[in-house]
Every structure is written in structure tokens, then in C-alpha cells.
1. Scan segment 22-43 residue by residue and report those that are without any contact (Cβ under 8 Å) to a residue 60 or more places away in the chain and in a helix (DSSP H, G or I).
2. Answer yes if at least one residue in segment 36-54 is open to solvent by 90 Å² or more (accessible area, probe 1.4 Å), out of contact with any Phe, Trp or Tyr (no Cβ under 9 Å at 6 or more places or on another chain) and under 21 Å from Val130 (Cα atoms), and no otherwise.
3. I want to confirm something. Restricting to segment 7-21 and keeping residues that are in a helix (DSSP H, G or I) and without any contact (Cβ under 8 Å) to a residue 60 or more places away in the chain, which single residue is surrounded by the fewest Cβ atoms within 10 Å (Cβ to Cβ)?
4. Under 6 Å between Cβ atoms, which residue pairs at least 6 apart in sequence (or on different chains) link something in segment 111-128 that is at pLDDT 85 or above with a partner that is among the basic types (Lys, Arg) and surrounded by 14 or more Cβ atoms within 10 Å (Cβ to Cβ)?
5. Do you know which of the residues in segment 84-100 that are within 14 Å of Arg47 (Cβ to Cβ) and either surrounded by 13 or more Cβ atoms within 10 Å (Cβ to Cβ) or in contact with an Asp or Glu (Cβ under 8 Å, 6 or more places away or on another chain) (or both) is modelled with the highest pLDDT?
6. Across segment 46-80, what is the total count of residues that are more than 15 Å from Leu105 (Cα to Cα), in contact (Cβ under 8 Å) with a residue 24 or more places away in the chain and of a type outside the set (Lys, Arg)?
Amino acid sequence: LGLGSGLDPRDKWKLGRWGEALVYEVLLARAAPGAKVRWMNAIEETRAPYDLLVETPEGNGRWRTTFIEVKTTAHPDKNVFEVSPAEYEFFQTGFQGGGSGNFHLYRVYANLAGAAGGVPRPRIVVVTDVARALELKAVKLCLAVMR
């Protein structure tokens, strides 16, 4: 995972990839028997509105699919981040309009601030069903004026 020293908080692309890799490894370790975990951006950025896909068998040949977006920060408490229009639409409607309950957000706090040699002390917060979390006011949506 590259958990050693040298993770530069200014390199947002590398930090983002590190966060995706961390969540991928966590999901692999926690996956139900027979589940499939795919990291969409493992080889190159796909521009999909999600970073990981987990397919879990439910019996009788049926599968439950969970789409996961990972947002990583170097800071221990930065809770604001950008959401692309494609991500917003996806967490509102779900895959092919099939509902939003299968879209989860993983916020990775690498906690690099003050870490010796950039060695992360990560913390992961999971928001399941982002659209429902908005309805319940468990998360908020913010806009920034870009003038």
C-alpha cells in the first residue's frame, strides 16, 4: 500500500490513489465469502463516478452490487471535499436509475499533518447510501462560487 514514509500531502493524485488502494485492501480483507472486489482505477483513471465495486452473492444466483467512491485527505479533520457532477448524479439515482442505496462514500483521513516522514495514521469514515444520508442531514451538500 505504500504505507511507508514519503507520502507527500501536496501530491493530491498520489494521495488519492493511496486512499483508494487502502480502501481496496480493507474491502478485500472484510469481503464475504465469494464476494468480488474490483478497483476500477487500479491500472488507470477510468473517470467512473465510483472508484471501487463490490459484488456480494445473495443466493439463488443473485448478486448485490455496491459502488464506492473514495475521498482522501492528508489532514486529520478536513471534512469538505469536491464531488463531480457525475458523482452527484450517481449517488442520487444509483446505477442505471436503480436507486441510491448501493452507493457508499469512504472518507479517508491519512492524518499526515505532523507525521514523521509522511507516515500516515489513517482513519476511514463510511457513509452508506449518500442520498439517504443527505435526507437525514447526516451529511451536507455545499456549493462554491468560482468567480
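The values are calculated or read from the model by the stated rules, or taken from the named source; none is laboratory data. The model shown is predicted, which means the values in this text are computed figures rather than measured ones. Glycine gets a Cβ as well: all are built from the backbone with ideal geometry, and neighbour counts include every protein chain shown. Side chains are part of the model used for accessible areas, which takes the heavy atoms of the whole protein and leaves out ligands, DNA and RNA. Shrake-Rupley method; radii C 1.70, N 1.55, O 1.52, S 1.80 Å.
1. First, pick out the residues of segment 22-43 that are without any contact (Cβ under 8 Å) to a residue 60 or more places away in the chain: 24-25, 27-43.
Listed by number, the residues that qualify are Tyr24, Glu25, Leu27, Leu28, Ala29, Arg30.
2. So far as segment 36-54 goes, yes, one or more of its residues are open to solvent by 90 Å² or more (accessible area, probe 1.4 Å), out of contact with any Phe, Trp or Tyr (no Cβ under 9 Å at 6 or more places or on another chain) and under 21 Å from Val130 (Cα atoms).
3. My answer is Trp13.
4. Val125/Arg107
5. Residues of segment 84-100 within 14 Å of Arg47 (Cβ to Cβ): 84-87, 89-90.
So of that shortlist, the ones also either surrounded by 13 or more Cβ atoms within 10 Å (Cβ to Cβ) or in contact with an Asp or Glu (Cβ under 8 Å, 6 or more places away or on another chain) (or both) come out as 87, 90.
Details: Glu87: 87, Phe90: 82.
Selected residue: Glu87.
6. Adding up the residues that qualify gives 6.
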